[in-house]
Ligand SMILES: Cc1cc2nc3c(=O)[nH]c(=O)nc-3n(C[C@H](O)[C@H](O)[C@H](O)COP(=O)(O)OP(=O)(O)OC[C@H]3O[C@@H](n4cnc5c(N)ncnc54)[C@H](O)[C@@H]3O)c2cc1C
Ligand code: FES
């Protein structure tokens with residue numbers, strides 16, 4: 001059975017078979033419950049099971065069908081301009097911890113693939129951050145210096161492995177790329193072999209942190225000594241994550257070439273108009289066009305711009321796949337891994353992977369396994385969610401202020417239309433709905449759906465995503481299908497239906 005995703009039919013989901021794990025049929029009682037079956041959740045679960053814990057993964061859909069199924073899947077310690085960014089915001093020590101953890105994360109991926117014999121097309125590749133024009137040259141040089149200070153064996157080179165001129169690049173040898181869905185499915189199978197359990201189509205709805213913790217789910221109660229929240233955006237509104245993380249959406253296309261072969265290196269441009277390039281077999285994959293999630297900027301033209309870029313530089317026969325997703329970026333550009341809230345010793349979180357979760361979520365699993373087993377971990381303090389320092393407070397306040405301003409503006413702004421009369425197939429309209437707003441969508445068969453646009457998470461007003469035909473939240477990235485069902489959290493409840 002082909003896999004489906006909340007965000008169109010991507011290459012990875014189209015080229016993997018589906019898992020078919022059951023939902024829980026009775027109360028589950030384990031040492032550790034991991035909520036979320038993406039790369040963060042299954043990695044933590046496997047490492048915990050290897051430590052001897054009784055572990056269960058609870059996945060709302062199918063393993064690997066979240067953002068992990070919609071990535072570009074470069075497993076690299078060189079990540080665009082991450083070292084110059086961290087070093088400027090948090091200092092060289094934090095950048096060095098990030099580099100060391102990222103190298104260890106990539107290495108752990110390679111070890112897991114070898115140990116568990118996972119067939120996921122793991123390949124060694126050089127990673128590049130390149131200057132697309134002269135104005136990006138300084139960023140590339142800064143990145144080379146910051147990454148070298150952080151301990152990476154990077155070098156400046158004249159050109160990455162691309163069929164068009166660039167203005168120089170930073171290179172890190174010997175990084176990895178793989179098929180992300182086959183990888184996480186392989187980890188889920190390894191977890192079962194190690195005695196763990198995987199449950200699918202079970203959504204966690206709430207949690208009480210007692211001894212044991214009790215998780216309310218759509219399939220009954222789960223009891224666990226520890227709970228890892230690996231739901232991408234944390235779904236519990238404890239710990240103030242909603243003021244700390246901003247989801248950023250990006251797009252990918254995959255193309256078959258009429259002649260020549262795709263570039264073998266993994267490249268990404270250094271500027272804000274990102275272009276990310278890798279190959280998968282005969283496919284060329286291009287990513288980019290990032291913007292804040294739910295901002296109303298999700299339009300089909302973003303795919304067209306990526307396709308134009310592919311056609312301009314390669315001999316493209318056919319664009320076969322389009323997909324998109326978002327990933328949270330934290331207020332200080334470091335992932336958030338550790339206790340869910342101050343003083344908590346049973347509730348854990350891994351989030352804020354900034355579109356580099358293949359390595360970052362892997363080292364998150366390593367940190368959480370150490371913390372839960374009571375072992376020291378050298379990176380735990382750097383990535384602790386409780387690290388907020390005085391210098392960061394104004395960044396947190398800025399995110400909070402943007403959130404409050406956005407909510408108020410959306411509430412008072414006039415609707416985009418006054419009625420659904422004459423709505424055409426493929427069209428969406430925002431209408432007044434008492435004191436709030438409702439979204440009306442007409443599908444290609446002419447069926448009209450009307451739903452409240454009050455996000456069921458914390459009531460921000462949703463906006464239409466024209467690229468994926470969904471209602472998306474600008475505040476924390478929840479997404480809903482046109483019939484109101486939840487596509488992505490942190491929301492866990494569907495949108496109420498309305499009369500059109
Ligand atoms: C376009 C794009 C390109 C990217 N490219 C790269 C790249 O090249 N290299 C790289 O390292 N990173 C990349 N990333 C980032 C990377 O894909 C993510 O950081 C990573 O996949 C996040 O993994 P996750 O496990 O946190 O989330 P997910 O994979 O989304 O897993 C979370 C899971 O939790 C489940 N869930 C949610 N709520 C609940 C609930 N209440 N109960 C039960 N289950 C729930 C979801 O169904 C989902 O399966 C990219 C991201 C994007 C958007
Ligand atoms: S996702 Fe938080 S208000 Fe919508």
Q: Place a label point 7 angstrom from the Cα of residue 193 along the Cα-to-Cβ direction, then list the residues of the range 56-78 whose backbone nitrogen is under 20 Å away.
A: 56-57, 63-64
Q) So what is the relative contact order for the chain, in percent, with contacts set as C-alpha pairs under 8 Å and at least six apart? A) 17 percent
Q: Give me the compactness ratio for the chain, meaning the Cα radius of gyration over 2.2 N^0.38 Å.
A: 0.94
Q: Enter the Cα centre distance for the pair the range 88-118 and the range 231-274, rounded to the nearest angstrom.
A: 18 Å
Q: Order the peptides 166-174, 58-66, 229-237, 304-312 from the highest to the lowest mean number of other Cβ atoms within 10 Å of their residues.
A: 58-66, 229-237, 166-174, 304-312
Q: Kindly state, to the nearest 0.05, the FRET efficiency for residue 304 paired with residue 424, given R0 = 22 Å and r defined as their beta-carbon distance.
A: 0.55
Q.
At R0 = 41 Å, how high is the FRET efficiency between residue 223 and residue 115 if r is their beta carbon distance? Nearest 0.05 is fine.
A. 0.85
Q | Cα shape, the range 10-62, gyration tensor, a/c 1.5 rule | A | oblate
Q: For residue 141 and residue 291, compute 0.36 nm times the residue count separating them, minus their Cα-Cα distance, and round to one decimal in nm.
A: 51.5 nm
(Q) At 7 Å along Cα-to-Cβ for each site, give me the label-to-label distance between residue 345 and residue 274 in nm. (A) 3.9 nm
Q | Ranked by how many other beta carbons lie within 10 Å on average, peptides 105-112, 244-251 from highest | A | 244-251, 105-112
Q: Express in whole angstrom the spacing between the alpha-carbon centres of the range 459-474 and the range 131-186.
A: 33 Å
Q) In which sequence would 93, 123, 210 go, from the one with the fewest C-beta neighbours within 10 Å to the one with the most? A) 210, 93, 123
Q) So what is the calculated 222 nm ellipticity per residue for the chain, using -39500 (n - 2.57) for each DSSP H run with n of 4 or more, over all residues, to the nearest 500 deg cm²/dmol? A) -8500 deg cm²/dmol
Q: Rounded to the nearest Å, what's the spacing between the alpha carbon centres of the range 310-341 and the range 210-229? Just the number, please.
A: 31 Å
Q: Express in nm, to one decimal, how much length is gained between residue 375 and residue 133 on full extension, taking 0.36 nm for each residue of separation and deducting their alpha carbon distance.
A: 82.4 nm
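No value in this document is a laboratory result; all are computed from the given coordinates. This is a predicted model, so every value here is computed, not measured. Using ideal geometry, Cβ is built from the backbone for each residue, glycine included, and neighbour counts are taken over all protein chains shown.
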